[in-house]
């Protein structure tokens, strides 16, 4: 196990966590997801879900962000939602709720009307539970911002609020790779670039993206997905 509890509960990062989350191609991420999902299935037992389940949900969400085919992206996001609907142990429960809300927001964004009708209230409840339990937690803050960014306003999203939250997070977490929560910064900046773009701040969006890519040039979601949107 990669000590995910240390990384996600306290911001303390074992060396392999950033590479696990950000490195490799979409195909490599998919292969890693399949391997970890098999480990989870073999080790299934009664009781609250733990680090392995959270890891598979997290990788599913990352895979969903990176995929370009709509059907495959939807399937990965639904896997994240299904896993995080389980009862998790106390330390991971609010993080699982927050991750579920952001995956639901991404599903809504794929089909705003039907997705909003199907997932809107569930997404709001999930992020509400996470914020109530651990509203100051950087990972919860990030997932709240992602949910607000991806969810249309009709269903509770708020791009301006997402931008403000992401800016505050970017100013709070350390930029050095080994700083507490510094490993979150590439994703914070990637979503901030998307928020700036949605608000029509094209120059700011490109500057933020460049800063993110300088930190993790190997993060394919940044270089392929975010860059395509921001630079168009």
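The values are calculated or read from the model by the stated rules, or taken from the named source; none is laboratory data. From a predicted model like this one, the values you see are computed outputs, not experimental measurements. Note that each Cβ is placed from the backbone with ideal geometry, even for glycine, and that neighbours are counted across all protein chains shown.
Within the range 192-203, is even one residue farther than 25 Å from residue 88 by Cα, at pLDDT 90 or above, within 17 Å of the chain's Cα centre (by Cα) and surrounded by fewer than 22 Cβ atoms within 10 Å (Cβ to Cβ)?
No, that holds for no residue.
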Residue list for the range 90-105, filter: under 11 Å from residue 77 (Cα atoms) and either surrounded by fewer than 24 Cβ atoms within 10 Å (Cβ to Cβ) or at pLDDT 90 or above (or both): 99, 100, 101, 103, 104
Residues being farther than 24 Å from residue 159 by Cα and in contact (Cβ under 8 Å) with a residue 60 or more places away in the chain - total across the range 171-224: 5
Matching entry among 208, 226, 188, 159 (being more than 22 Å from residue 112 (Cβ to Cβ) and within 17 Å of the chain's Cα centre (by Cα)): 188
